[in-house]
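Just dropping this structure here.
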Amino acid sequence: MITVGLTGGIGSGKTLISEVFNRLGIPVFNADYEAKKIMSSDDKVITQIKKEFGDDIYNTEGINRKKLAAIIFENENALKKINSIVHPKVRESFILWSQTKENYPYIIEEAAILFESKAHKELDITINVHADELIRINRVIERDQVPFGSVKSRMKNQLSDEERMSLADYTIYNDGKKMVLPQVLEIHQKILNRRK
């Protein structure tokens, strides 16, 4: 079975592209969603996060995402620390999940920090979703109701568009200029052809 990584900068539209692949019958593992779940349910992870960031990083709803975001997007070491706590657990979850999907031609792991976390090295193919920075900023402002500066500070913790494009096997342009579906279908067929 072929393993595929799907990534892209914040606001690029990774989730939309994942949904298109999913409609084609390809299972998608959302690493960011899994990380959020682990941070709120895994006792060992919760203990480590509290030890690192203080007990008040959690509230009655679970992890205080706004507070955590404010810390990690302004402090590179804090971001590395949280990733070192959560990332190994996400990898474990992905491996267990992938073992239940062996009847599929390929599976996708969608992750915002696929290259930054080096997870791409454990996958066969990588796909980058690209949109111009200004388009991405406007999408995130609208989606998350956050100010321009907040989006920019999140972006500086991700690889540049150029770096992602140079590392990826394929890039899908989700900028409103090119239709997304034909791009997805073309890549889908190329991945299926690799199995023959």
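The values are calculated or read from the model by the stated rules, or taken from the named source; none is laboratory data. Computed from a predicted model, the values in this text were never measured in an experiment. For neighbour counting, all protein chains shown are included, and Cβ atoms are generated from backbone atoms with ideal geometry for every residue, glycine included.
Which residues, taken from region 8-35, are surrounded by 15 or more Cβ atoms within 10 Å (Cβ to Cβ) and part of a helix (DSSP H, G or I)?
The answer is K14, T15, I17, S18, V20, F21, A31, E34, A35.
Considering each of D124, D144 in turn, give the residue that is surrounded by fewer than 17 Cβ atoms within 10 Å (Cβ to Cβ), closer than 22 Å to K36 by Cβ and over 16 Å from the mean Cα position of the chain (by Cα).
Working: D124 fails: closer than 22 Å to K36 by Cβ.
Every option except D144 fails the conditions.
Which condition breaks for M155 when tested against (1) under 18 Å from L6 (Cβ atoms); (2) crowded, with 17+ Cβ neighbours inside 10 Å?
So the condition that M155 fails would be (1).
Show the residue pairs that are 6+ apart or on different chains and have beta-carbon atoms under 6 Å apart, the first residue being within region 59-70 and under 12 Å from M39 (Cβ atoms) and free of Cβ contacts under 8 Å to residues at least 60 places away in the same chain, the second being small (G, A, S) and surrounded by 13 or more Cβ atoms within 10 Å (Cβ to Cβ).
Qualifying pairs under 6 Å: G62/S40; I63/S40.
Hey, another quick one. Check whether at least one residue in region 26-36 is at pLDDT below 95 and of a type in the set (D, E, K, R), and report yes or no.
yes
Kindly indicate whether any position in region 77-95 is in contact with a strand residue (DSSP E or B) (Cβ under 7 Å, 6 or more places away or on another chain) and touching a residue at least 12 places away in the same chain (Cβ under 8 Å). Give the steps one after another, and end with the answer.
First, pick out the residues of region 77-95 that are in contact with a strand residue (DSSP E or B) (Cβ under 7 Å, 6 or more places away or on another chain): 94.
Next, only the ones that are touching a residue at least 12 places away in the same chain (Cβ under 8 Å) stay: 94.
Yes; the residues of region 77-95 include at least one that is in contact with a strand residue (DSSP E or B) (Cβ under 7 Å, 6 or more places away or on another chain) and touching a residue at least 12 places away in the same chain (Cβ under 8 Å).
Hey, another quick one. State the number of residues belonging to region 37-57 that are of a type in the set (F, W, Y) and modelled with pLDDT of 95 or more.
Counting residues in region 37-57 that are of a type in the set (F, W, Y) and modelled with pLDDT of 95 or more gives 0.
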